[in-house]
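Data first, discussion second: the structure below is written as structure tokens.
The values are calculated or read from the model by the stated rules, or taken from the named source; none is laboratory data. As the structure is a computational prediction, the values presented were derived from the model and not from experiment. All Cβ positions, even for glycine, are placed from backbone atoms using ideal geometry, and neighbour counts span all protein chains on display.
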């Protein structure tokens, strides 16, 4: 009897080790729908960015004068960690590629810009004919900002998450919101009988 238990125990250990050992990593397409969990993921980020870019590109506020936009932050009002900078980066990169807008770097690297201007102007190490001058940055026309919220419901093994992201573009001089749009996402998940 003990011999059978020993063989059974060794068999279970070998099977468990084989299952654990057989994990693998592979590359996937960044555009492929990701449904690993019900949490906010890459597909959600891409869907939001695409919707917002298309909405803003067809809006008359952009016109033909290539306005300068200051990117503020998107407030994360959900219970989970969401990298909202990735959302603004994806949107601003696509908008910049369109050639219809310009962005000020002040929202991201303002202190670095100031330090570089001071270095060029005060150290004496930079050729005066190529040195950049303080007070020549272009003022932003608009501020881009927003928030993401969620509502989460659980019932037994079922879980439902609703996300809503609202983005706005406000005229800095007048304070008027010139553009706003929102994207809603609903995700549902059901745990297996054993909780997996």
Based on this model, can you work out whether residue 137 counts as within 30 Å of residue 115 (Cα to Cα) and either crowded, with 16+ Cβ neighbours inside 10 Å or at pLDDT below 95 (or both)?
yes
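Is it true that some residue in the stretch 65-74 is in contact with a strand residue (DSSP E or B) (Cβ under 8 Å, 6 or more places away or on another chain) and at pLDDT below 90?
Yes, the stretch 65-74 contains a residue that is in contact with a strand residue (DSSP E or B) (Cβ under 8 Å, 6 or more places away or on another chain) and at pLDDT below 90.
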Out of all the residues in the stretch 103-116, is one or more farther than 29 Å from residue 74 by Cβ and exposed (fewer than 14 other Cβ atoms within 10 Å of the Cβ)?
no
Would you call residue 192 assigned to a loop (DSSP other than H, G, I, E, B), exposed (fewer than 11 other Cβ atoms within 10 Å of the Cβ) and at pLDDT 95 or above?
no
Members of the stretch 117-175 that are within 28 Å of residue 102 (Cβ to Cβ), touching a strand residue (DSSP E or B) at 6+ places or on another chain (Cβ under 6 Å) and part of a loop (DSSP other than H, G, I, E, B):
138, 140, 141, 172
Filter the stretch 74-92 down to residues that are assigned to a helix (DSSP H, G or I) and either over 17 Å from residue 140 (Cα atoms) or not assigned by TED's automatic domain parsing to the domain that holds residue 52 (or both), then give me how many there are.
7
Residue 132 fails exactly one of the following numbered conditions: (1) touching a helix residue (DSSP H, G or I) at 6+ places or on another chain (Cβ under 6 Å); (2) in the same structural domain as residue 53 (by TED's automatic domain parsing). What is the number of that condition?
(2)
Exactly one condition in (1) at pLDDT 70 or above; (2) within 30 Å of residue 181 (Cβ to Cβ) is not met by residue 30; state its number.
(1)
Screening 48, 58 for residues that are at pLDDT 90 or above and under 13 Å from the mean Cα position of the chain (by Cα) leaves only 48
